[in-house]
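One structure is given below, encoded as structure tokens.
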Amino acid sequence: MSRDILDLPTDQAAHKLARGYLDAAAAARARIMRGEDPRALHDLRVALRRLRGSLRAYAPYVASVIPAKLSKRLRALARLTNAARDAEVQLEWLDSSGRKARAAERPGRRWMREYLVSQRKMAYRTVRREALPEFDRIARRLRRTLEAKPVVPSRKPPVSRARFAQAAARQLREYAAILSADLGDIGSVEDEAEVHAARIAAKHLRYLVEPLARGKRATALLKSLKALQESLGGLHDRHVLARDLARALRSGVPHDTRCELLPGLSMLALRNHQEANGLYEDIARSYLGGRTPALLRPLRDFARQLAARGVHPASRA
């Protein structure tokens, strides 16, 4: 039976995780090219985030083989897929919210849908022409380095042979502190940058916990982190749509049909704003202020449990 990843030396575990995420990204990339799966882009983005997150969290154990320039290229690659993802999310929201639209709203809704479809088409063209070839180049280089034997950093050999559980515990405590600070910065529904930062921090924590989760408590922790991420993500999506609607109203709406389209577009903006307010109230009620410590307490308890698993003696290296 293979050893639990938690008990592997950290350098070996970090490389193993990164290889798994790279394989998942490659599989999603193939599905995008076949055009048979609407979730393929989502799965590629998730795999890339997990890959980037693991490389960043365990940088001391992969830095000897993963240059900083390559990590920056991974980040730029992920950004090339943002527009396609945003268009898909907004189209889904538009379709799900249009069942009770009044007749006067329908022309504006139809125009906005056509606008988003065209945005999605252009974004997917970018994904296929730019993002996927760049992924192939990065993947080839990463695979060569990740499949090589991990190199132990000479400056801190005892630490590099610590169990993965201990390194993960340190990262969980660090990321929990970041999430706590980011949640503390959110003060209103208009705090777009702060909401985005907290969403990213929650996502990073969730992806850190996933390969470590053992038992009911860890499963419950993952569930709570996912709920937080989805709440913040929903509010982030409302911010994105507000910008798209404002841009459409400024420059995209034809002047000769403006009067016909404005009722529908204005109602979309109003509903989007109302939903954003509702999401913010839920987030404030569940996670902000004095509720943040209760959210993070199980995470810190889990980090203590991981740290207690001990360190491999040097003789086992």
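Please verify whether the stretch 55-73 includes one or more residues that are within 14 Å of the chain's Cα centre (by Cα), buried (at least 19 other Cβ atoms within 10 Å of the Cβ) and in a helix (DSSP H, G or I).
No, there is no match, as no residue in the stretch 55-73 is within 14 Å of the chain's Cα centre (by Cα), buried (at least 19 other Cβ atoms within 10 Å of the Cβ) and in a helix (DSSP H, G or I).
Can you find even one residue in the stretch 84-101 that is within 16 Å of the chain's Cα centre (by Cα) and farther than 25 Å from Glu114 by Cα?
For the stretch 84-101, residues within 16 Å of the chain's Cα centre (by Cα) and farther than 25 Å from Glu114 by Cα: absent.
Test each condition in (1) in a helix (DSSP H, G or I); (2) farther than 25 Å from Arg300 by Cβ for Glu210 and report the one that comes out false.
The one condition Glu210 does not meet is (2).
So, in the stretch 231-245, how many residues would count as being free of Cβ contacts under 8 Å to residues at least 40 places away in the same chain and either touching a His at 6+ places or on another chain (Cβ under 8 Å) or buried (at least 20 other Cβ atoms within 10 Å of the Cβ) (or both)? Spell out the reasoning first.
Of the stretch 231-245, the ones free of Cβ contacts under 8 Å to residues at least 40 places away in the same chain are 233, 242-243.
Filter again for either touching a His at 6+ places or on another chain (Cβ under 8 Å) or buried (at least 20 other Cβ atoms within 10 Å of the Cβ) (or both), leaving 242.
Residues that pass the stated criteria total 1.
Kindly indicate which of Arg300, Arg285, Arg217 is part of a helix (DSSP H, G or I), within 24 Å of the chain's Cα centre (by Cα), over 24 Å from Leu94 (Cβ atoms) and at pLDDT below 90. Break it down into steps so the answer makes sense when it comes.
Values: Arg300 fails: at pLDDT below 90; Arg285 fails: at pLDDT below 90.
When all the criteria are applied, what remains is Arg217.
Could you grab the pairs with beta carbons closer than 7 Å, sequence gap of 6+ or different chains, first residue in the stretch 128-152 and among the aromatic types (Phe, Trp, Tyr), second one modelled with pLDDT under 80?
none
A quick yes/no check of all residues on (1) among the polar types (S, T, N, Q); (2) at pLDDT 90 or above; (3) part of a loop (DSSP other than H, G, I, E, B):
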site	(1), (2), (3)
Ile186	no, yes, yes
Arg199	no, yes, no
Arg206	no, yes, no
Gly233	no, yes, no
Arg250	no, no, no
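The values are calculated or read from the model by the stated rules, or taken from the named source; none is laboratory data. Not measured: the values here are computed from a predicted model. Cβ: placed from backbone, ideal geometry, glycine included. Neighbour counts: every protein chain shown.
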